[in-house]
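Structure record follows, encoded as structure tokens.
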Amino acid sequence: MDPIQSASDLDAHAGGWSARNQQFLSYFLSRAGHRGTMPLASFVIAVAAGVGVGALVHQAVGETALALRVALSVLAGGAGLAVVCRKLDFDYAQRSAATELASGLLHANRDCLKVLAADGKMLRVSEHGAELMDAESPDQLSGADWLNFWSGDDRKAAEKALAGALAGTSTSFTGSCATVKGRTKWWNSTLTPVTGDDGEVATVLCASEDVTQQCELLKTLRERDELMHEMESHVRLVFYSYSSNFEHFHHVSAGVESVFGLTPQDLANRPSAWLELVVPEDLEPLLAEMSRIASEATEGRIEYRIRRPDGCLRWIRSTAYPVFDDSAKVARIVGVSEDITLEQERLAALDRLAYTDALTGLSNRGALIRHMKTLCRQNVAFGLMFVDLDRFKVLNDTLGHTAADRLLQDIAKVIQGALPPDACVARLGGDEFAVIVRGPSDKATLATLAQSLLNLFSSDVRKDHAAPFVTASIGISIFPEHGRDHEALLTSADIAMYAAKKGGRNGFRFADEASSDVLGDFELECDLPTALASNQFVLHFQGIHEPASLAVKGVEALVRWNHPTRGLVRPASFIPILEESGFIVEVGAWVMDAALAQLSIWQSAGRQELSMSVNVSARQLRDDSLVAIVDEALRKHDVPPHCVQIELTESALMENALLAQATLMALKRLGVRIAIDDFGTGYSSLRYLADFSPDIVKIDRSFTARLDRDAAAASIVRGIIQMSHELGIKVTAEGVETDQQLHALRDAGCDYVQGYFLTKPTNADKLFHREGALAAS
Ligand code: C2E
Ligand code: MG
Ligand code: MG
């Protein structure tokens, strides 16, 4: 029987089989045909490779049954062999069915099948094999050296496999080789020896499965796996999969080594090893969050600190997400732990920046309020001290900003050094400091603390600075006594501080001691800016008398504020506010103008030699405009300069002696006179004051008051008068209230007297009403 013809017959059953495959089959059939029988092994090989089954049916019916039996046994596995054998019969009908099955199997084979000669030449290639090798036909490959397709290690593997098959064993290997068109493909090749009649291996059947896709997939997976591994081990992240009850890990990525300083193996051996690193304060909230995640089966996130085995402290943020199984139960908990130490450090730095006072390094207002809010929320008793430096504006202007800044820094240190370590010290801005002292703060403790602060300011700080005066006023409020929230406490401490200032500065007050008129002072403060514009200031005048005749030689202008609701307000209530706010300059200019205007009126009315004393405060003295203001008023009202006296207090002069001296010189050049007011309350060194070469010294009324009962005071007054006269300075005694005082002053040679006994400050119209009566007395 012609094998090719037989193959054509098969075509009809197989439903289209290409001629080339038939040729491939015919090769086997020709080899089998001339032998009459084929060794069983050859059949198995042929059928296992999906080749030649149908053809063999035509070749020998008896053999066909056997071949099919073997083929099916290979395909179905050894277990099915007996069944298949029983089912197969040798009658024709079955034969044709078997033919159809065999042809189907061959057609279904997806490998590249080829028959190799002992020298590796390809004797035949299956039709599909040629397609896989991108060849136009099997003929294109026939005769080519199969070994030449391989190179490198693959070539060696191919040689070895071929040699093995030729030696009689079935071999296999996996390698890549290029197709005819140069496309690299991966192959899984199985080489099966085909023995000849003599039992020797004559050819080798090579079935190569195209595994390129699988290999590429594998490669991609491997690369991805490597990438994951690299990423996991290099980023400071730990990916983990925990059991649903947090008892053991399914997986922990390599990053655990850099983050926790533990190996995945450590955690496999002892899953709780990482928990042992958590700092004790953070452990409880961490465990609570873990148990919440487990019980509520919802995601969670927590930040905590660990002390790594190498001793360094790190911040960790862990997130956890429950993963559910089909029955909606938590199957495992997956998540990420990351090292957020840098982030925390940056946050802390930002926090420091946002809540620190740049100049002193203390907390700032924001930090103080935050701290107070926390304490109020926690219901922790504490005392708040509001510390405000007295006359800081003066210090700032006279010392210069750099020195004033240094002063503030030193004050910050002094406050910090004087307080318990857990006290919070803040600078609220400018010269305002605040202190929070925790604990059940009884007033006595806080009072001692406040007083010790005040003492330190006037000793420690003064020692290191040119500033002659560093005093402060302190207001104290206590939680919860004076307020239950930070706002109420700050306000009451502020009011108390204000009361301390009003009470003479360099002192402290508790919130409840701050009298209600301090609140009134706040109102005054608010009303002040408009007072000048709406002409609410008025001048009262007090006579300065010649002690013998009691004639009015001069007049002192004393400002009053005619407040719309409060009536006449005395200067002690508003001059400090004007000074602190700087408004004193404008108001002072108005006083100068109004006083000289009045002087001009009186002089025009016949009192040509009447002098006018105008008070000038420290703040005014520091202001560049003072000299120009005086000059302008002199010109405007055309009064002789020698009739004008500028009264300055000792302290105003001492606050910046150099600046004061320069201004005094300029004033003197205008021709006005200088009086030192309230003499005896400050430095009281006439020799020192003589450097300012004043024209007049005004002895403070506290000395005058003691004249009639205190012999020492009397001799001091006499001394002052004597020494002043030696220096060419005239003396005025203030606050003369009694006849006795008047006589004592007269006897001591005092040049002028001033006081209620003679004239009380009053408006211009009434000033001279008593003059006649006085002269007569
Ligand atoms: P000062 O310059 O020492 O003024 C004298 C103060 O003593 C005045 O108080 C006056 O009313 C009061 N006084 C006069 N005689 C007696 C007396 O016999 N007994 C008693 N107990 N007091 C007497 P005032 O008017 O309340 O002024 C207080 C201070 O306010 C002044 O002290 C002065 O330093 C300041 N002042 C007043 N007017 C002005 C002003 O226009 N500008 C500036 N910068 N300060 C002013
Ligand atoms: Mg005065
Ligand atoms: Mg005075």
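In the stretch 225-273, of all residues being among the β-branched types (Val, Ile, Thr) and touching a residue at least 12 places away in the same chain (Cβ under 8 Å), the one that is surrounded by the fewest Cβ atoms within 10 Å (Cβ to Cβ) corresponds to 235. Pull out all pairs, ordered by first then second residue, where Cβ-Cβ is under 8 Å, the residues are six or more apart or on different chains, the first lies in the stretch 331-356 and is within 28 Å of residue 425 (Cα to Cα) and assigned to a strand (DSSP E or B), and the second is open to solvent by less than 90 Å² (accessible area, probe 1.4 Å) and hydrophobic (A, V, I, L, M, F, W, C). Once the first residue is within 28 Å of residue 425 (Cα to Cα) and assigned to a strand (DSSP E or B) and sits in the stretch 331-356, its partners that are open to solvent by less than 90 Å² (accessible area, probe 1.4 Å) and hydrophobic (A, V, I, L, M, F, W, C) give 356/362; 356/367. If the condition is being among the aliphatic types (A, V, I, L, M) and at pLDDT 90 or above, then the stretch 498-543 contributes 538, 539. Residue 765 passes every criterion in (1) within 11 Å of ligand 1 (Cβ to nearest atom); (2) under 23 Å from residue 615 (Cβ atoms) apart from (1). If you go through the stretch 578-606 and keep only what is closer than 20 Å to residue 625 by Cα, hydrophobic (A, V, I, L, M, F, W, C) and assigned to a helix (DSSP H, G or I), you end up with 578, 584, 585, 587, 589, 590, 591, 592, 594, 595, 596, 597. Taking each residue of the stretch 177-201 that is more than 25 Å from residue 219 (Cβ to Cβ) and open to solvent by 30 Å² or more (accessible area, probe 1.4 Å) and looking for partners that are part of a loop (DSSP other than H, G, I, E, B) and among the basic types (Lys, Arg) with beta-carbon atoms closer than 9 Å, six or more apart or interchain, yields 197/35. Within the stretch 722-770, can you find the residues that are in a helix (DSSP H, G or I), within 16 Å of ligand 3 (Cβ to nearest atom) and out of contact with any strand residue (DSSP E or B) (no Cβ under 7 Å at 6 or more places or on another chain)? If the condition is that a residue be in a helix (DSSP H, G or I), within 16 Å of ligand 3 (Cβ to nearest atom) and out of contact with any strand residue (DSSP E or B) (no Cβ under 7 Å at 6 or more places or on another chain), then 741 is the only one that fits.
A residue that is among the β-branched types (Val, Ile, Thr) and away from ligand 3 (no atom under 14 Å from the Cβ) occurs somewhere in the stretch 632-649.
Here residue 562 passes the criteria (1) under 30 Å from residue 743 (Cβ atoms); (2) more than 10 Å from ligand 1 (Cβ to nearest atom) except the one numbered (1). Only one entry of 775, 711 meets the criterion of being out of contact with any Lys or Arg (no Cβ under 8 Å at 6 or more places or on another chain) and more than 30 Å from residue 603 (Cα to Cα), and that entry is 711.
Residues of the stretch 729-756 that are open to solvent by less than 60 Å² (accessible area, probe 1.4 Å) and more than 14 Å from ligand 1 (Cβ to nearest atom): 729, 731, 744, 748, 749, 750, 751. Whenever a residue of the stretch 645-660 is in the same structural domain as residue 700 (by TED's automatic domain parsing), its partners that are open to solvent by 20 Å² or more (accessible area, probe 1.4 Å) and within 13 Å of ligand 3 (Cβ to nearest atom), lying with C-beta atoms within less than 6 angstrom and at least six residues away or across chains, give the pairs 647/615; 649/678; 650/682; 651/682.
Of all residues in the stretch 138-155, those that are touching a residue at least 40 places away in the same chain (Cβ under 8 Å) have Cβ atoms under 9 Å from Cβ atoms of residues that are open to solvent by 50 Å² or more (accessible area, probe 1.4 Å) and among the β-branched types (Val, Ile, Thr), 6 or more apart or on another chain, in 140/180.
Quick check on residue 678: is it within 16 Å of ligand 3 (Cβ to nearest atom) and at positive phi? Answer is yes for this residue. Name every residue in the stretch 168-184 that is over 12 Å from residue 154 (Cα atoms) and within 60 Å of the chain's Cα centre (by Cα), in order of residue number. 183, 184, listed by residue number.
The values are calculated or read from the model by the stated rules, or taken from the named source; none is laboratory data. Computed from a predicted model, the values in this text were never measured in an experiment. We place every Cβ from the backbone using ideal geometry, glycine too, and count neighbours over all the protein chains shown. To get the accessible areas, we keep the full protein, side chains included, count just its heavy atoms, and leave off ligands, DNA and RNA. Shrake-Rupley method; radii C 1.70, N 1.55, O 1.52, S 1.80 Å.
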